[in-house]
Amino acid sequence: MQRPAHNISSDIMSRMSVFENTTRTHSSADENTAGDMMSMSSSPPPTPTGVQTDAEGLILPKKLINPCLENTDRKELHRELKFNNRIGKSVLNQKSELQRAYDKQKERHAAAEQHSPEPDLGAGLKGELGRVIMERAQKHEAAAQKQNADVDDERQYVNPEYLNVRAKLRTAHAPN
């Protein structure tokens, strides 16, 4: 590495020589300063207690403590989540909106069945509306039954003249 020009102060030069692990002497004052710096660099400075160093005096890295992982509340919560996962209980509400709505409807329907022991009025309809709908359905069924009975009566009565005319037409148009 090239040395910078001589216009740099001797103090900076002595500091640079420590980093380069070389000693340069410019004057007697520089020699004392450089000697002091070299003696300090040859023996590692005293380390604070609890700090590990290697043979060269460098501080060895130590794994930092994560306060989040060491938190007891977090550990208990994590243990509870693992237990619930193991037994198959979903504690995070991971159901879809449709599934939650379906479950809520089933709960409401079950609660309504428990509170009212009345017979089912037209697929769960109750009160005045259910009564009106049931009456109209009964009227409609009665009209349908009456119409079916009329059609059956007409089929039983057959005009013999009609049958004769129809038979003649069949024979007249039949292919020979």
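The values are calculated or read from the model by the stated rules, or taken from the named source; none is laboratory data. Because the structure is predicted, anything quoted here is derived from the model rather than measured. Virtual Cβ from ideal backbone geometry, glycine too; neighbours counted across all protein chains shown.
Things to note:
- Pairs with Cβ under 9 Å, 6+ apart, first in region 40-62 and under 21 Å from R15 (Cα atoms) and surrounded by 10 or more Cβ atoms within 10 Å (Cβ to Cβ), second hydroxyl-bearing (S, T, Y) and modelled with pLDDT of 60 or more: P44/T53; G57/S43; G57/T47
- Qualifying residue in region 72-87 (condition: surrounded by fewer than 10 Cβ atoms within 10 Å (Cβ to Cβ) and closer than 30 Å to T49 by Cβ): yes
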